[in-house]
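Read-outs throughout are calculated quantities, based only on the coordinates presented, and are distinct from any laboratory measurement. Values in this document were obtained by computation on a predicted structure and should not be read as measured data. Cβ coordinates were reconstructed from backbone atoms using ideal geometry, including for glycine residues, and neighbour counts include every protein chain displayed.
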Amino acid sequence: VKEILDQLASQVGVRLVAFVMDDGVPVLVREGAKGGEGIASTGGDTDALAALSAGWVLDVCSAIAPLAWDKPQRMALRGAQGTLVLRRAHTAWLLVILAEGLRVEDLVLAMDGTAARLERFVRGNSQTEAAARVEDFSAPLPALPAARNEQGKAQSSSFNTEQELPKGK
Amino acid sequence: VKFVARIVGRSRVRAARQRLAKDPSPLAYLLLANECAACGMVRDARRVCEEGLAAYPGSAELKRMAQRAHRIEAEERLKELRVELAEAPRPAVRREICEILLTTGMIADAERHAAEWVEEDDDVESRLMHARTLVERYLSDRSRKSGSAAMAMLDRLADEAPREIGAWELRLRTASAIGAWREARRAAAQLLGLRPGDPALEARFRALDAMSDNAPTLEQAMITIERTGELADEGTDAGSRVDGPRGTDVRGLLRAMAGDPSVHAAFYVRGGTALVQGQTGATAERAARAVRNVLKTSRATARRLGLGPVYRIELAGDFGTLALAPGEMDAGAVWCRGALPAETERALVGIAGLDATMGEAAA
């Protein structure tokens, strides 16, 4: 994910890139060449920036809810001192702060590409986890809890239930 | 090639002038200013913007264009001053640099330069200039953090140079702008001590004295300003402008925008009122309320993030695109299918800052 965000952060005019969860928790933050210190009120505090952005998303979603619109895929807020752009990526948001004077349109393609790569990455991870879970549960559960071997790795019980039970019962 | 380009450019300027004469609107002024700038006639571009702003003072785009033209002119002078500063640094040069940066709206640069000046000289004049840049920044982005920084600097000045008139004037201006009347009264009283017998100041003090009962503290006033985004003296301006002769009927522009087949609806929002074209009845009311709420929440977020005055808000999704162009007191908005067409985008920019009359058919 770091590499994916770094590529976007290296674009001209990008001051900050972050991958932010729906609840406003920043997963990863990358500063652009110009740095994120200019994001005035947050004073470079990316936690505050992510939380405020998530708050904006929530407010906007509740404002458009009566129109039965889905969550926006992209949101942009252009001000005199810079531009905040949010792009939905799977269940999270890709947050980008652009330097003043730069147009959102100049970065739309790069953001779409990054969001698609992030989505693939997140989906790939969740598929691997799901596959691992399916693998674990495909075999019948042992009657006894997993024992730990010398290396501390979990090891399924090697006892045979038939051997454990007294013969004839 | 340059000669041909200049001739073509001038003919475009002429066409834009004729268009402006036929239909004076912020957009027409903007197009003419753009054509002038493209021809290298920066001074003309600035004059056009100033003329446009005299007619439509709320147009954010015209303001930005005027600032840009002014900035190009000022940059020439700044270059000269920077050379002079490198050769022989002195307060007068630093002061002029800060003044130019402030008047051209380059507040961040002015703040940086003033901070450098404070580091170098650390005298009352440099600190006063730094305080001024901080106040300008606060009045521009209206975030509590900027306000606290500005007031902290003014407090420091009051401690170190209690007889500095400029610092008290700055405090009076800031406190009055945000509606902290008790603090403004205190500043006016201090100024009266330094300039006894000034009739204008005495009248101001009496007015502030009458308003200072139950007035919010500085902190409370800053919280209110951050939430509402409206300075105390702006509310009265808005009230006077509604009934002023400047109003423009915006319905025709909205109708033209809504005529585009890709546009679902076009909106013009001012205060608690909205005009909608392209939708009717309860749907129009719901959509207008949504646009107003998006505008309100986005302005508040921009203030908290320190993004400064908002020029553009855009939401894109399965519903299409909702684009808003806020002016100082009003905003235009378009909801369209897919991406925003270039023509509609230009029209949207033209609507913002019209300060139009709303008429009876407001939603």
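Some values worked out for this structure:
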quantity	calculated
Cut-off under 5 Å, modelled amide H: who pairs with A:Gly79 long-range	A:Leu84, B:Tyr311
Angle in degrees between helix B:232-242 and the longest Cα principal axis of chain B, rounded to the nearest 10	30 degrees
FRET E, pair B:Val8, B:Arg90, Förster distance 41 Å, beta-carbon r, rounded to 0.05	0.30
For the range B:194-233, size of Cβ-based charge dipole, Lys and Arg +1, Asp and Glu -1, in debye	100 debye
Residue-averaged [θ]222 nm for chain B, counting only DSSP H segments that reach four residues, each worth -39500 (n - 2.57)	-22000 deg cm²/dmol
GNM result for chain B, Cα springs below 10 Å: residue of B:Glu120, B:Glu50, B:Glu99 fluctuating most strongly	B:Glu120
Per-residue ³J(HN,Hα) for the range A:97-114, Karplus 6.51 cos²θ - 1.76 cosθ + 1.60, θ = phi - 60°, Hz, x for Gly and Pro	10, 9, 5, 4, x, 8, 8, 4, 4, 5, 10, 4, 4, 4, 5, 4, x, 5
Distant-in-sequence amide H partners of A:Ala89 (H built 1.01 Å from N, under 5 Å)	A:Leu94
Rounded tilt (10° steps) of B:107-121 against the dominant C-alpha axis of chain B	20 degrees
Calculated from backbone phi, Karplus (6.51, -1.76, 1.60) coupling profile of the range A:67-79 in Hz, x at Gly/Pro	8, 6, 8, 6, 4, x, 7, 9, 10, 9, 10, 9, x
Peptide A:67-73, shielding by other chains (average Cβ, 10 Å cutoff)	6
Least to most buried among A:Val12, B:Val349 (fewest other Cβ within 10 Å first)	A:Val12, B:Val349
Max mean-square fluctuation residue, GNM over chain B, Cα-Cα springs under 10 Å, options B:Ala210, B:Ala86, B:Ala114	B:Ala86
Per-residue mean of C-beta atoms belonging to partner chains within 10 Å, peptide A:95-102	1
From phi via Karplus (6.51, -1.76, 1.60), per-residue ³J(HN,Hα) for the range B:25-32 in Hz, x at Gly/Pro	8, x, 5, 5, 4, 5, 5, 5
For B:Gly320, residues with placed amide H under 5 Å, excluding near neighbours	B:Gly338
